[in-house]
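> Can you keep this structure in mind? I'll have questions shortly.
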Amino acid sequence: FQQFSDTGSRKEHVKITSEPKPGFLERLSETSGGMLIGLVTFLLAFYVLFTNEGRALRTAKSLDEGLSLVVPLDSIHSLSQQNEGRLVHLAGALSTSKPLFDPSYGLSIQAVKLKRNVEMYQWVEYEDSKEYEENGEIKKETKYSYNMEWKSEVVNSRNFDREIGHKNPSAMAVESFTAVSPNVQVGSFVLSKGLVDKIDDFKQLSLSHLEDPHADVTRGGDYFYHSDNPRRPEVGDLRVSFFYAGLSGDDPHLGTADKVTVIARQRGDQLVPYHTKSGDVLEILYPGDLSVEEVFQKEHESNTMKTWALRAAGWLSMFVGISLMTRIFYTLVDWFPVVRDLVNVGLKAFALCVASSLSLLTISVGWLFYRPLWALLLALLSIVPVMVARSRVPPKKQQ
């Protein structure tokens, strides 16, 4: 059963849907499905936590190996056969063989990458829902609001709750794209595709010095508009902006070429990935002029951040999995409000303690073959959450 309430505005309306309150067997069936999802999530957490520790330690070992072997180059403009196959460090300005063009807009730039970003003025739907119980039924009140915005992806208005009056075009007349220079160098050395992919610090290109490319295109600020009136756009109008990464030549409007620091293996005049004894690959690029120590310090910091992020994700996955698997106890007492609330708090505390203990234990097992002493300390630490939980349980009365 549905009831519609319209505010009278074309851009906003409210819809109310009603359905019978689910019975015990129906809720029990939903909980059983959640338990299966919880089991998969729970097992996935072990995999994430265990493999993450091995990855982190392997990466740290590879970085230490690279730091001990890397050879700083005296000059980036000459090749030395003594460094063939070795891990080298160099810093210098980027250079490309020829500029990148966008002939549709009469634009060219000497850079590693040029990105055309196309946005279309479209209707966007937002919804805000709330559920409540009334007369033995579960009612859901959803407020739909519509706003016109610039979006780089086509918004499918067919999925709107009310498409009439909020219809978007099905495609854009102009497409976005990214052009990449086929030959990128630092001095006499050619960068591999993996190194070029790391040049991604895009900056918006100023269009103030350019003319309107066509009669139906108007420049406004740093955008080209396909619109009759850019100040009051209509649905379907387009605006185009440009971004560049890795300026590779001196430009009167943008300044001097960007400098980068590279650590990779020298193979002839090419810089390619270096395979460490630990099985990792070293192919590093950073913007600016950095020393060897600064580069490897940044890599260690990045490895640490990734490690803790995956640890947090693994713990959260385990917590959610345990919560879903124990949800059935909450469902069994759902009809008794006081008992239900107590059980809910207890289940959350149980999931928190067990997830923390198992996460620490899994991490300690991951360290067992690399750092046995730390593994033992973590295993002992994993008992703490369980001991804390048991200490809060009141002792049984003496008989």
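The values are calculated or read from the model by the stated rules, or taken from the named source; none is laboratory data. Computed from a predicted structure; not experimentally measured. For neighbour counting, all protein chains shown are included, and Cβ atoms are generated from backbone atoms with ideal geometry for every residue, glycine included. What goes into the accessible areas is simple: the full protein's heavy atoms, side chains included, and nothing from ligands, DNA or RNA. Shrake-Rupley method; radii C 1.70, N 1.55, O 1.52, S 1.80 Å.
> Once ligands and nucleic acids are excluded and a 1.4 Å probe is used, how much of Asp222 is accessible, expressed in Å² to the nearest 10?
The value for Asp222 is about 50 Å².
> Let me ask something else. What full-extension length gain, to one decimal in nm, is calculated for Ala312 and Asp228 as 0.36 nm per residue of separation minus the Cα-Cα distance?
The span from Ala312 to Asp228 would gain 25.2 nm if fully extended.
> Another one. For a quick protection proxy, order the peptides 154-164, 93-103 by their average other-Cβ count within 10 Å, most packed first.
Result, highest mean Cβ count within 10 Å first: 93-103, 154-164.
> May I ask you to rank Thr142, Thr218 by accessible area, largest first, using a 1.4 Å probe over the protein chains only?
Output order, biggest surface exposure first: Thr218, Thr142.
> While we're looking at this one, here's another question. Mind ranking 201-209, 347-355 by how tightly packed they are, going by the mean number of other C-beta atoms within 10 angstrom, highest first?
Averaged packing, sorted descending, gives the order 347-355, 201-209.
> Can I ask one more? Label Glu134 and Ala171 with points 7 Å out from Cα along Cα→Cβ: what is the distance between them in nm?
4.6
> If you don't mind, another one. Step through the table entries Lys198/Lys306; Lys203/Lys259; Lys115/Lys306; Lys11/Lys130; Lys11/Lys203, compare each Cα-Cα distance with 24 Å, and write down the pairs that go over it.
Lys115/Lys306; Lys11/Lys203
> Tell me the relative contact order for segment 80-268 as a rounded percent, counting alpha carbon contacts under 8 Å between residues six or more apart. Mind dumping the intermediate values first?
Details: 352 pairs, mean separation 67.6, N = 189.
After rounding, I find 36 percent.
> Right, next: Using a 7 Å offset from the Cα along the Cα-to-Cβ direction at both Val124 and Thr142, what is the distance between the two label points in nm, to one decimal?
1.9
> Grab the beta carbon distance between Glu163 and Leu352, set R0 = 56 Å, and tell me the FRET efficiency rounded to 0.05.
Between Glu163 and Leu352 the formula returns 0.80.
> Taking R0 as 45 Å, what's the FRET efficiency between Leu79 and Arg58 from their Cβ-Cβ distance, rounded to 0.05? Write out the running numbers ahead of the final one.
Working: r = 32 Å, r/R0 = 0.71.
According to the calculation, E is roughly 0.90.
> Sorting Trp315, Trp123, Trp308 by accessible area (1.4 Å probe), largest first, what list results?
Details: Trp315 80, Trp123 10, Trp308 155 Å².
Ranked list, largest accessible area first: Trp308, Trp315, Trp123.
> Something else: I need the peptides 42-52, 316-326, 70-80, 175-185 ranked by packing, meaning the mean over residues of other C-beta atoms within 10 angstrom, with the highest value on top. It would help to have the intermediate numbers written out before the result.
On the way: 42-52: 17.5, 316-326: 20.7, 70-80: 13.5, 175-185: 15.3.
Listed from highest to lowest mean packing, they are 316-326, 42-52, 175-185, 70-80.
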